[in-house]
Amino acid sequence: MLRPLFLTAAFATLGFGLPAIDKGPVGMDPTKAFNGWMTWYDKEGGLGIKPGACGEINYKNQKIVALNKYQFAELSNSANPNNAAVCHKKIRIKHEGRETDAEVTDQCDGCGYGDIDGTQAVFNELVGGLGAGNVSVTWSFK
Ligand SMILES: *[C@@H]1O[C@H](CO)[C@@H](O)[C@H](O)[C@H]1NC(C)=O
């Protein structure tokens, strides 16, 4: 889902991205942290089967996340989601004193603003098991 350009302009006006030199596009300032819920996904999310929003097939052993569709759209600069500016950006995710990094390669339609859906590899490294299923995280762009 793509947002009209005027929204991008509105965010810029609100000062979400101060001079963005070397910090990536508006909204990807690494000093800004987001709070949300993190879940994990597998084949039912298309892993190993169909391309994600960034255009390639990913696998469950990769350290990747699907970013909620709201922020994915906000941080896109192209009509083609495969070329979204947020694709392949690295994020650092924190949970209860642990942290790990992952790359954005897809968007999560069922996630709320701030939420991410990661592979088992990411979730397991961050949480130390898959059983919790859904944990509170803080994350930021690297
Ligand atoms: C994760 O847990 C939170 C808090 O209970 C809830 O709001 C959210 O919907 C859950 N996410 C999923 C995908 O179940």
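So for the pair Arg98, Lys32, with labels modelled 7 Å out along Cα→Cβ, what separation do we get in nm?
Distance between the two pseudo-spin positions: 2.9 nm.
So with the 1.4 Å probe, I'd like the accessible area per residue for segment 76-142, rounded to whole Å².
Per residue, segment 76-142 has 45 Å² of solvent-accessible surface.
So for Arg98, Arg92, what's the accessible-area order with a 1.4 Å probe, most first?
Of Arg98, Arg92, the descending order of accessible area is Arg98, Arg92.
In whole percent, how big is the carbon plus sulfur part of the accessible area of segment 26-107, probe 1.4 Å, protein atoms only?
Carbon and sulfur together cover 48 percent of it.
If you stretched the chain out fully between Asn83 and Ser140, how much longer would it get, using 0.36 nm times the residue separation minus the C-alpha to C-alpha distance?
Extending this stretch completely gives an extra 18.5 nm.
How much accessible surface does Cys108 have with a 1.4 Å probe, in Å² rounded to 10?
Ignoring ligands and nucleic acids, Cys108 comes out at about 10 Å².
The values are calculated or read from the model by the stated rules, or taken from the named source; none is laboratory data. Note that the structure is a prediction, hence the values are computed from the model and not measured. Using ideal geometry, Cβ is built from the backbone for each residue, glycine included, and neighbour counts are taken over all protein chains shown. Side chains are part of the model used for accessible areas, which takes the heavy atoms of the whole protein and leaves out ligands, DNA and RNA. Shrake-Rupley method; radii C 1.70, N 1.55, O 1.52, S 1.80 Å.
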